[in-house]
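The values are calculated or read from the model by the stated rules, or taken from the named source; none is laboratory data. Since we're looking at a predicted model, the values are computed, not measured. When we count neighbours, we look across all protein chains shown, and the Cβ atoms used for this are built from the backbone with ideal geometry, even at glycine.
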Ligand SMILES: CC(C)=CCC/C(C)=C/CC/C(C)=C/CC/C(C)=C/COC[C@H](O)COP(=O)(O)O
Ligand SMILES: CC(C)=CCC/C(C)=C/CC/C(C)=C/CC/C(C)=C/COP(=O)(O)OP(=O)(O)O
Ligand SMILES: [Mg+2]
């Protein structure tokens, strides 16, 4: 049973749910009921995306990540497929309780997550753009409870998440080059070479740092996001120095710190 929890990648789901609640707060909505609904919807849909991703990645993961639930035979592929469909459906039903815009975002994101896992992941850049939009969309989803004005209020968190994710996804593609090559995936580092891909990842990271300093969320936000920015700049150094694994891990830590910065900005600005 634990494998059905592990395959969700619950830490990612919790981070995504936290981002959605922060997006709600940035849109000036302080409604616990709405917060629980959107957090639940994002947790379920993010988890569904991770499960369907592992289903379609099972051959590549048998090389790169043999300890994951499907390659290690703790979850059967067919069971994982139907598990993800059930999670997508439950997440969209919950999103519908938060309004039509939330339902539309949830349905679009669910389809994008499915087709990312089945097709887009193996295409250069399109896969990275999909995951980066999806990561940033958590803020838009939370803000959408307050309508289009709520979405607009979350432009900077969306942009920052997008840029940081682009940097991290390219670093992850560099990290996974061996298995991806054997699995026939046409990722950016495979097509353009590791050096060019690393330079592009670094560019996205530096752009993320610049954008983070433009956010209008007050001094405490700036104090905390400065720590996230240092982690992002460390990731740029690491990816340029051919340490893609260290780079993507540093960005993930930076994301967690940046969520705290946005929370402080939403509550205290
Ligand atoms: C300055 C800076 C670092 C800004 C980051 C901005 C920010 C607040 C980002 C939050 C991103 C977010 C909502 C993350 C939630 C879930 C997540 C980690 C999504 C990306 O997952 C895709 C990834 O490829 C999964 O791989 P792994 O993490 O290795 O399981
Ligand atoms: C806002 C709503 C309703 C949903 C948002 C859903 C979110 C936050 C998605 C974020 C991105 C995400 C968690 C994608 C899931 C698919 C995934 C694990 C992509 C990365 O997979 P790979 O490129 O295969 O790399 P690994 O599997 O090795 O991590
Ligand atoms: Mg995968």
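Among the residues of region 118-125, is there at least one that is more than 15 Å from ligand 1 (Cβ to nearest atom) and in a helix (DSSP H, G or I)?
Yes: region 118-125 contains one or more residues that are more than 15 Å from ligand 1 (Cβ to nearest atom) and in a helix (DSSP H, G or I).
Among (1) closer than 18 Å to residue 5 by Cα; (2) assigned to a helix (DSSP H, G or I); (3) away from ligand 3 (no atom under 16 Å from the Cβ), there is one condition residue 73 misses while meeting the rest; what is its number?
Status for residue 73: all satisfied but (2).
Select the helices (runs of 4 or more DSSP H) contained entirely in region 150-233, then report the ones holding at least 1 residues which are at pLDDT 95 or above and in contact with a helix residue (DSSP H, G or I) (Cβ under 6 Å, 6 or more places away or on another chain).
155-175, 194-212
All but one of (1) over 17 Å from the mean Cα position of the chain (by Cα); (2) part of a helix (DSSP H, G or I) hold for residue 254; state the number of the condition that does not hold.
Of (1) over 17 Å from the mean Cα position of the chain (by Cα); (2) part of a helix (DSSP H, G or I), only one is false for residue 254: (1).
Return the only residue of 103, 36 being under 18 Å from residue 133 (Cα atoms), more than 16 Å from ligand 3 (Cβ to nearest atom) and without any contact (Cβ under 8 Å) to a residue 60 or more places away in the chain.
Result: 103 is the single residue among 103, 36 that is under 18 Å from residue 133 (Cα atoms), more than 16 Å from ligand 3 (Cβ to nearest atom) and without any contact (Cβ under 8 Å) to a residue 60 or more places away in the chain.
Any residue at all in region 9-27 that's within 15 Å of ligand 1 (Cβ to nearest atom), within 24 Å of residue 159 (Cα to Cα), free of Cβ contacts under 8 Å to residues at least 24 places away in the same chain and outside the structural domain of residue 165 (by TED's automatic domain parsing)?
Yes, some residue in region 9-27 is within 15 Å of ligand 1 (Cβ to nearest atom), within 24 Å of residue 159 (Cα to Cα), free of Cβ contacts under 8 Å to residues at least 24 places away in the same chain and outside the structural domain of residue 165 (by TED's automatic domain parsing).
Taking the condition of being near ligand 2 (Cβ under 7 Å from one of its atoms) and part of a helix (DSSP H, G or I), how many residues in region 46-60 meet it?
5
Is at least one residue of region 66-82 under 16 Å from residue 111 (Cα atoms) and more than 13 Å from ligand 1 (Cβ to nearest atom)?
Yes, there is a match, as at least one residue in region 66-82 is under 16 Å from residue 111 (Cα atoms) and more than 13 Å from ligand 1 (Cβ to nearest atom).
So which of 79, 138 ends up being within 30 Å of residue 28 (Cα to Cα) and either touching a residue at least 60 places away in the same chain (Cβ under 8 Å) or out of contact with any helix residue (DSSP H, G or I) (no Cβ under 8 Å at 6 or more places or on another chain) (or both)?
That would be 138, the only listed residue that is within 30 Å of residue 28 (Cα to Cα) and either touching a residue at least 60 places away in the same chain (Cβ under 8 Å) or out of contact with any helix residue (DSSP H, G or I) (no Cβ under 8 Å at 6 or more places or on another chain) (or both).
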